[in-house]
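One structure is given here, and the rest of the page talks about it.
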Amino acid sequence: MTTARIRVDHVTRVEGHGNIVVNVTDGVVEKCEWQVPEAPRFFESMVRGRHYSEVARITSRICGICSIGHTLASIKATEDALGIEVSEQSWKLRELIKHAENFDSHVLHINILAAPDLLGAPSVFPLVATHGEVVARALRLKRLGHEWGSLIGGRTTHPMSIVPGGMAEVPTTKELTQLRERLLAAVPELEATVATVLALAPNVPAFDRPTEYVALSNDKDYALYDGDIQSVLPDGTKQRYPVADYKQVTNEFVVPQSTAKYTKNKLDSYAAGALARFNNNYDKLHPEAKKVAEALGIQPICTNPYMNTVAQAVEIVSDVYESVGLLDELIANGVELEPLVEPTKFGSGAGATEVPRGILFHEYAYDDEGMCLGGNCIIPTNQNHNNIQHDFDKLVPELVAQDKSEKEMELALEMLVRSYDPCISCSTHYLDVKFVR
Amino acid sequence: MSKPKVAFFDFTCCEGCQIEFTNYGDAAFLELLNHVDVVEFREAMSEKTTEPIDIAFVEGSFSREADRARLESIRERAAIVIAYGQCSASGGINALKNHQSDYKQFVYGADAEQPQLDSQKAQPISAAIKVDYSAYGCPVNKYEVLQIVAHLLHGKEPVIPNYPVCVECKRRETVCRYDEADHCLGMVARAGCAAPCPAYGVPCEACRGFVDHPNVPALEKVLVERAGFSQKRAADKALMFNANDLEALS
């Protein structure tokens, strides 16, 4: 009979701090917890009294990996509150940088954070000697993602040029043409990455737990930058909600083992992220990405959380091809610096965008001087914590029944956490704040 | 001679400065690994060490008393401690809550007193341990970081600019934000970033902190007279990344 005392303080190769605590005695699971001890940071409070032009610059700092997404969600919420509608050019440039972030983050996760598990290594550093070409390719693709995002946003960690009302600076048509060439030139490296994922796919653990999947969705494309909220249940039932009603979906609550709040909607928990997007929006996926999904053996509705990393591989292909399409449109129209759209009112507004780890909500209220009265940010990893806990609750008894050793159980749990690519330092949370006007 | 042992640690922060380390591309990154051994880096590797470290990069603010012991153990093991990024060097953005008394209640409401939600004033790590050098910025300038490492590997003192961002705008011929009907903190902000923000059409927020002896009253005067700010907005403007320094200066 299995007896295990697992205590992983600060899971490695994830962004932020999370612990795994599992006690099993003679085959009986006594404790099984996913804990989040990240230091809370209080961003929703910090934005009070700041001018609307500064708010995204502050909330971008919630997360170093998804700072583009935080900037965009923040600015969309502010623009909603201020009655601003941006130009088609600004919209397209923002879609383009959204793809850059998704690509950049997924390349990092697939190659640097997740792959070592599948290759039996503790990190990417020993792989420099054993799988040098894989590491070099990952770093080249990472740099491509970084320079692609930097061309639009000025830099990828806390981008500068995306501002309420549009874009403060735009790339030249020539620079966009060069980016298009670079993206197409990267296709062989993408194919090689997909081949690596395919070779490692047999090492992805077999585990299924049907759950609810929540992502943005629209009728036009594989919604990354914009859409309504959509939920899909394991039986394929879909429901859409306007972004303004996001609290009807998130239903946040505080639990003792976590500084981050948990969420739930129709079932005990729900998942956000690449797999949730894939399960919600498969029919809108670019044909080239669909081919890759087929080759990798992933189809909706996939209920194995470990397959999130595989869904990310599908998405990096989608990001490149979708961006080539966007670049064709931008280049054909010619890009020029436009004046920023001015506010038409000051009130409350909400915005959502998909970040690499899933759906992200921001909401703010402004006074008549354009100064912020308070904010609310609900981060995808916070929406996944509850789902991770429910995965643990199903997985641990299964591992015990399979007579796995303590070490094997520990690795399976760490790999599960890593498959969500959690971004725990996004520790911002909110209760029922009444914005006092 | 064996390669110097380098380790990364993180406290209250977004970990974006660590991410900058993955943005050099293959050539520079793999070359760096020829000169240093990375022995601990939780965000990127599972290996851990209890051995002495030559250079410790410490990211994030000191915002919980519970973190003091971990900081002290890093200091004991490390020959050189670098405050890596603005959260670590000055408290950074995290200190923007320091002047508020109700931030816990605002975010957590009735749950604010639950023990896991403990938080105190966000401070630089130098409030807990001795810091040898600082890599400023939110995020750090990744090329400046390479220079700091190169200087240390050669036994030289890293050179950190102590002149304002305005110098760098002039150098790259960026039109002044005040001439574009905007505002800016560049005249009191520590340079070393190559002034990317004004070049991208947005004001400098002094994310690398102030130069030594900033003339804050003059800054406020310029914000009021040239950017049309209210006195209160002018006084609060530089809080975003410099709340601890403004408190110390007042």
Regarding the protein assembly as shown, what are the three Cα extents along the principal axes, ordered largest first, in Å? 74, 59, 54
FRET efficiency estimate (nearest 0.05) - Cβ-Cβ, A:Thr25 to B:Glu31, R0 41 angstrom: 0.20
With +1 on each Lys and Arg Cβ and -1 on each Asp and Glu Cβ, and nothing else charged, work out how big the dipole of the stretch A:43-419 is about its Cα centre, in Debye to the nearest 20. 500 debye
Can you put A:His286, A:His70 in order of Cβ neighbours within 10 angstrom, beginning with the fewest? A:His286, A:His70
Using θ = phi - 60° and the Karplus relation 6.51 cos²θ - 1.76 cosθ + 1.60, list the HN-Hα couplings for the stretch A:220-226 in order, rounded to whole Hz, with x at every Gly or Pro. 9, 8, 6, 2, 10, 6, 8
Please compute the modelled spin-label separation between A:Lys345 and B:Gln105, points set 7 Å along Cα→Cβ, answer in nm with one decimal. 3.1 nm
Working from Cα positions, state the angle (0 to 90°, nearest 10) between the long axis of helix A:173-185 and the longest principal axis of chain A. 20 degrees
How large is ³J(HN,Hα), in whole Hz, for each residue of the stretch A:5-20 in order, when computed from phi with the Karplus curve 6.51 cos²θ - 1.76 cosθ + 1.60 and θ = phi - 60°, using x for Gly and Pro? 10, 9, 9, 9, 8, 6, 4, 8, 6, 9, 8, x, 10, x, 10, 10
Considering the alpha-carbon set of the stretch A:255-309 alone, what are its Rg and its Dmax in angstrom? 14.3, 45
Give me, ordered by chain and number, the residues 5 or more places off A:Gly166 or on other chains with an amide H under 5 Å from its own placed amide H. A:Val341
Sum up the charges of everything whose Cβ sits under 9 Å from the Cβ of B:Lys237, counting Lys and Arg as +1 and Asp and Glu as -1, but leave B:Lys237 out. -3
Just tell me which lysines come within less than 17 Å, Cα to Cα, of B:Lys5; anything on the same chain fewer than 8 places away is out. B:Lys48
Surface/4 estimate of mean projected area, convex hull on alpha-carbon atoms of the stretch B:5-153, nm²: 9.2 nm²
Percent of Cα-Cα distances greater than 30 Å, calculated over the stretch A:43-419: 38 percent
Rg/Rh over Cα atoms for the stretch A:181-271, Kirkwood Rh, comes to 1.09
Ratio of the stretch B:165-249's C-alpha Rg to 2.2 N^0.38 Å, to two decimals? 1.01
Report, in debye and to the nearest 20, how large the dipole of the stretch B:5-153 comes out about its Cα centre when Lys and Arg carry +1 and Asp and Glu carry -1 on their Cβ. 380 debye
D (Stokes-Einstein, µm²/s), Kirkwood Cα radius, chain B, 1.002 mPa s at 20 °C: 110 µm²/s
Projecting the Cα atoms of B:Phe11, B:Leu33, B:Ala44 onto the charge dipole of the stretch B:1-81, where Lys and Arg contribute +1 and Asp and Glu -1 at Cβ, the residue farthest towards the positive end is B:Phe11
For B:Lys170, go through the lysines and keep the ones whose alpha-carbon is under 24 Å away, minus same-chain ones fewer than eight residues off. B:Lys142, B:Lys221, B:Lys237
When chain A is treated as a GNM, springs tying every alpha-carbon pair under 10 Å, which of A:Ile301, A:Ile62, A:Ile378 comes out with the largest mean-square fluctuation? A:Ile301
Kindly write out, for the stretch B:57-62 in residue order, the coupling ³J(HN,Hα) from the Karplus curve 6.51 cos²θ - 1.76 cosθ + 1.60 (θ = phi - 60°), rounded to whole Hz, with x marking Gly and Pro. 8, 10, 9, x, 7, 8
Exposure proxy check on A:Asp328, A:Asp421, A:Asp117: fewest-to-most Cβ neighbours within 10 Å is A:Asp328, A:Asp117, A:Asp421
Go ahead and set up a Gaussian network model of chain A, Cα springs under 10 Å, then flag whichever of A:Gln35, A:Gln239, A:Gln312 fluctuates most. A:Gln239
In degrees, nearest 10, range 0 to 90: what is the angle between the Cα axis of helix A:287-296 and the longest Cα principal axis of chain A? 10 degrees
Test of understanding: ordering A:Thr157, A:Thr259, A:Thr12 by Cβ neighbours within 10 Å, fewest first, what list do you get? A:Thr12, A:Thr259, A:Thr157
Count, for each residue of A:42-54, the Cβ atoms from other chains sitting within 10 Å of its Cβ, then give me the mean as a whole number. 6
Which cysteines does chain B leave without a neighbouring Cys Cβ under 4.7 Å? B:Cys14, B:Cys17, B:Cys166, B:Cys169, B:Cys176, B:Cys184, B:Cys193, B:Cys197, B:Cys204
Pairing the Cα long axis of helix A:380-401 with the longest principal axis of chain A, what angle in degrees results, from 0 to 90 and rounded to the nearest 10? 10 degrees
Pick from A:Asn218, A:Asn280, A:Asn382: which is most flexible by mean-square fluctuation in a GNM of chain A where alpha carbon atoms under 10 Å apart are linked? A:Asn218
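Each value in this text was obtained by applying a stated rule to the coordinates, not by laboratory testing. No experiment lies behind these values; they were computed from the predicted model shown. We place every Cβ from the backbone using ideal geometry, glycine too, and count neighbours over all the protein chains shown.
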